[in-house]
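Asks: Quick one: structure below, then a few questions.
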Amino acid sequence: MAHHTRNNWWHRNHLQCWKYPELPTKKELIYRVFRAAYPYGAFVDDNLKLVELVDKDVIWAKLEAQLDEATRGVDGFVAALCAEEPRLRGDARKHDLLRRYYLALCWEARESLWISQNGRYFEFRCMEELLVRYRRDCDCGADADAWKRKGKPLRPRPRLPPVAALRFAEEHLELKDGSELEQLEWEIGVAEGKTG
């Protein structure tokens, strides 16, 4: 891996981007944005303990700064990935699809976080809390990365409390049907022979 990519936001924040054709998901990106801005939690830590209360506008500003850095790093990261991954070398179409995927991923994550922070404090907190619950409590078995995938087959254990803010967060962590991100994920799958 080239040295300049080690300083790239995508590499520093431990997204599983180097396992192409596996792609990071919106859930994973939002979790990593929270942890890049607040390593010990913005609202809750990785053990679901509340952290020191911070104004939600301050939290949003730090999350937005992380998303800006992630977006700025897309071109360099994708170029490095395409140079190092044999299936991508010299394939301009795949390079373009990946670039568009990562930019759309940043956009959808920003939109979901914007919507959640635009509500009440508790709704914003629930976005981080639900990701921590997915990550910590899902019954993933041997597949520790199952919490990141789209869909809701793996419910956190114990069951989520019947709180509207948690359902709101759950809805905004999933891909939107018919979104550009969903379309690009499908196109990348077709290019790699994974879907038909």
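Asks: Of all residues being in contact (Cβ under 8 Å) with a residue 24 or more places away in the chain and among the basic types (Lys, Arg) in segment 49-91, which is least open to solvent (accessible area, probe 1.4 Å)? Just the residue, please.
Replies: Selected residue: LYS56.
Asks: For MET1, only one of the following conditions fails: (1) more than 19 Å from VAL132 (Cα to Cα); (2) surrounded by 14 or more Cβ atoms within 10 Å (Cβ to Cβ); (3) at pLDDT below 90; (4) among the hydrophobic types (A, V, I, L, M, F, W, C). What is its number?
Replies: (2)
Asks: Condition first: touching a Ser or Thr at 6+ places or on another chain (Cβ under 9 Å) and at pLDDT 95 or above. Now tell me which residues in segment 21-52 satisfy that.
Replies: Selection gives ILE30 alone.
Asks: Can you tell me which residue among ALA42, ALA36 is of a type in the set (Gly, Ala, Ser) and part of a helix (DSSP H, G or I)?
Replies: ALA36
Asks: Could I ask something else about it? Collect the residues in segment 6-20 that are basic (Lys, Arg) and at pLDDT 75 or above, keeping them in residue-number order.
Replies: Correct list: ARG12, LYS19.
Asks: Of the residues that sit in segment 43-87 and are of a type in the set (Lys, Arg) and out of contact with any helix residue (DSSP H, G or I) (no Cβ under 6 Å at 6 or more places or on another chain), which one is nearest to ARG135 (Cα to Cα)?
Replies: LYS49
Asks: Moving on. Could you check GLU28 against (1) acidic (Asp, Glu); (2) farther than 20 Å from LYS148 by Cα; (3) open to solvent by less than 30 Å² (accessible area, probe 1.4 Å) and say which number it fails?
Replies: All conditions are met except number (2).
Asks: Further, regarding this structure: Name the helices (runs of 4 or more DSSP H) wholly inside segment 92-196 in which the number of residues that are at pLDDT 95 or above, surrounded by fewer than 18 Cβ atoms within 10 Å (Cβ to Cβ) and of a type in the set (Gly, Ala, Ser) is 2 or more.
Replies: none
The values are calculated or read from the model by the stated rules, or taken from the named source; none is laboratory data. In this text the structure is predicted, and so the values were computed from the model without any measurement. Neighbour counts run over all protein chains shown; Cβ positions are idealised from the backbone, glycine included. SASA here: full protein model, heavy atoms, side chains in, ligands and nucleic acids out. Shrake-Rupley method; radii C 1.70, N 1.55, O 1.52, S 1.80 Å.
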